[in-house]
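*Asks:* Quick one: structure below, then a few questions.
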Amino acid sequence: MKFLLFSLLLSIIMVSCTTKLPTIDNFTVKPLVIEKGEKVYIHWDVKDAKIVSINGIGDSLMSTGNFELILNQSTNFVLKAINDDKIQQKQINVQVIEKIKEHT
């Protein structure tokens, strides 16, 4: 009985220690400088994550995705890939400038 309990405990420890570190294969936001009210295009590709989130977009995203967003202020996008207690993240800043007035 003690051997069986020890084996079960060892199996649980081994499984919890083998949690993979998630990887962010790709995270892009384009363009990085826009005029107020323009769109940015966001793309991400993550592997081995149970939870994928990007601030301002969502907390339960698919591992791979695309998103368009109109911005009125500068934004720091943070992609988080989480697998149990392992976390990877990447940040991309988009600068929003006032619309340039055309001179006639």
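*Asks:* Within the stretch 88-104, how many residues turn out to be more than 19 Å from residue 25 (Cβ to Cβ), part of a strand (DSSP E or B) and aliphatic (A, V, I, L, M)?
*Replies:* Matching residues across the stretch 88-104 total 3.
Quick grid of which residues meet (1) at pLDDT 95 or above; (2) more than 18 Å from the chain's Cα centre (by Cα); (3) not basic (Lys, Arg):
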{"position": "12", "(1), (2), (3)": "no, yes, yes"}
{"position": "20", "(1), (2), (3)": "no, no, no"}
{"position": "36", "(1), (2), (3)": "yes, yes, no"}
{"position": "51", "(1), (2), (3)": "yes, no, yes"}
{"position": "54", "(1), (2), (3)": "yes, no, yes"}
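*Asks:* Let me ask another. Working only within the stretch 57-76, note down all residues that are touching a Phe, Trp or Tyr at 6+ places or on another chain (Cβ under 8 Å), over 15 Å from residue 25 (Cβ atoms) and surrounded by 13 or more Cβ atoms within 10 Å (Cβ to Cβ).
*Replies:* 57, 67, listed by residue number.
*Asks:* So residue 49 clears everything in (1) outside any strand (DSSP E or B); (2) farther than 12 Å from residue 23 by Cβ; (3) not aromatic (Phe, Trp, Tyr) except one condition, right? Which one?
*Replies:* It is condition (2) that residue 49 fails.
*Asks:* Scanning for something exposed (fewer than 12 other Cβ atoms within 10 Å of the Cβ) and in a loop (DSSP other than H, G, I, E, B), does the stretch 34-44 turn up at least one residue?
*Replies:* Yes, because at least one residue in the stretch 34-44 is exposed (fewer than 12 other Cβ atoms within 10 Å of the Cβ) and in a loop (DSSP other than H, G, I, E, B).
*Asks:* So, one more: If I ask for residues that are of a type outside the set (S, T, N, Q), within 11 Å of the chain's Cα centre (by Cα) and not in a strand (DSSP E or B), which ones from the stretch 57-87 would you list?
*Replies:* If the condition is that a residue be of a type outside the set (S, T, N, Q), within 11 Å of the chain's Cα centre (by Cα) and not in a strand (DSSP E or B), then 57, 59, 61, 62 are the ones that fit.
The values are calculated or read from the model by the stated rules, or taken from the named source; none is laboratory data. None of these values were measured; they are calculated from a predicted model. Cβ coordinates were reconstructed from backbone atoms using ideal geometry, including for glycine residues, and neighbour counts include every protein chain displayed.
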